[in-house]
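Input: a single structure, listed below in structure tokens.
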Amino acid sequence: MAVQLKSGEEIEKMRVAGRLAAEVLDFIAPYVKPGIATAELDRLCHNYMVEYQRTIPAPLNYAPPGYVPFPKSICTSVNHVVCHGVPGEKKLKSGDIVNLDITVIKDGYHGDTSRMFFVAQPSIQAKRLCEVTFECMWRGIETVSPGARLGDIGHAIQVYAERQGYSVVREFCGHGIGTKFHEEPQVLHYGYPGTGLELRAGMTFTVEPMINAGKADIRQLADGWTIVTKDHSLSAQWEHTILVTETGYEVLTVSPGAPRRRTEAAHTPSGIAT
Ligand code: MF3
Ligand code: CO
Ligand code: CO
């Protein structure tokens, strides 16, 4: 089936769902400290979603073809875990990096977003990987406008990641999103400019690059979900849900605590706005 364009009413619902997903990350941020188990982060987020937001945690019992039902309400991916980490009793320790991936359903529509968190003090290498991955996500998002193509997004991400000596995970990608968690199109995080589906106003999809410090190869654990780097190198990921607008894009997964990209002024050598 072709990619569906969202109506004005649907877009308004996507805005609400996106904001709520981002607000779960704002809520949980202060709890990401040494000594907390990832299952505890899951429990806190689950209660916040169900009791306070009245949203449905989309991961819980999610079972795409070929998968066992996901047993928890959020994904917690620590260090060399690439994505889909299953919350458990293992405790976070200083120096860990962890991706928390939140997907809520509100009024039938999904909002999907993830961020990297440092547990106390990260190593210089871990910090750099997380920063580069954040920049990869933004470089991909920035290419979005009507008439641009999916390959433009992937290319922007791949070029930046590889220039830093990192690699892009190939097996998982961004995705259309709406009444379904994962819909068409697939949004690859690598590719060639000017190729792939042409973007049109009203499309909603995620951009969620997974970047490895080492090789791109991955492996699935016996739980049927957790994805790790084959070489055990660190991996990072950031995710936003995006709407293609008439003039460019709108980030739907916004909240007061969502980390912002550094302004252009901060990039100038003197730090003075030009
Ligand atoms: N939130 C993930 C994504 O960005 C999907 C997680 S599926 C789950 O697409 F079942 F593991 F939650
Ligand atoms: Co997603
Ligand atoms: Co996600």
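The values are calculated or read from the model by the stated rules, or taken from the named source; none is laboratory data. All values reported here derive from a predicted model rather than from experimental measurement. We place every Cβ from the backbone using ideal geometry, glycine too, and count neighbours over all the protein chains shown.
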| Do you know which residues across the range 87-118 are more than 10 Å from ligand 3 (Cβ to nearest atom), under 15 Å from Arg15 (Cβ atoms) and not in a loop (DSSP other than H, G, I, E, B)? | Val104, Ile105, Lys106, Tyr109
| request: Could you look through the range 73-85, keep only residues that are in a loop (DSSP other than H, G, I, E, B) and within 8 Å of ligand 1 (Cβ to nearest atom), and pick out the one that is surrounded by the most Cβ atoms within 10 Å (Cβ to Cβ)? | output: Ile74
| Verdict on Val228 being modelled with pLDDT of 95 or more, assigned to a strand (DSSP E or B), in contact with a His (Cβ under 9 Å, 6 or more places away or on another chain) and surrounded by fewer than 24 Cβ atoms within 10 Å (Cβ to Cβ) | yes
| Of (1) without any contact (Cβ under 8 Å) to a residue 60 or more places away in the chain; (2) away from ligand 2 (no atom under 14 Å from the Cβ), Ile74 satisfies all except one. Which? | (2)
| query | Could you give every pair whose Cβ atoms fall below 7 Å, whose first residue belongs to the range 32-44 and is crowded, with 20+ Cβ neighbours inside 10 Å, and whose second residue is of a type in the set (Ser, Thr, Tyr), counting only separations of at least 6 or pairs across chains? | reply | Thr38/Thr76; Leu41/Tyr31; Leu41/Thr76; Asp42/Ser73; Asp42/Thr76
| query | Are there any pairs with C-beta distances below 6 angstrom linking a residue in the range 172-189 that is touching a residue at least 24 places away in the same chain (Cβ under 8 Å) and closer than 20 Å to Ser73 by Cβ to a residue that is within 13 Å of ligand 3 (Cβ to nearest atom) and of a type in the set (D, E, K, R), with the two at least 6 apart or on different chains, and if so which? | reply | Ile177/Asp112
| Of Cys130, Cys136, which residue is more than 16 Å from ligand 3 (Cβ to nearest atom), touching a strand residue (DSSP E or B) at 6+ places or on another chain (Cβ under 7 Å), in a helix (DSSP H, G or I) and hydrophobic (A, V, I, L, M, F, W, C)? | Cys130
| remark: Screening Tyr109, Tyr67 for residues that are within 14 Å of ligand 1 (Cβ to nearest atom) and in contact (Cβ under 8 Å) with a residue 12 or more places away in the chain leaves only Tyr67
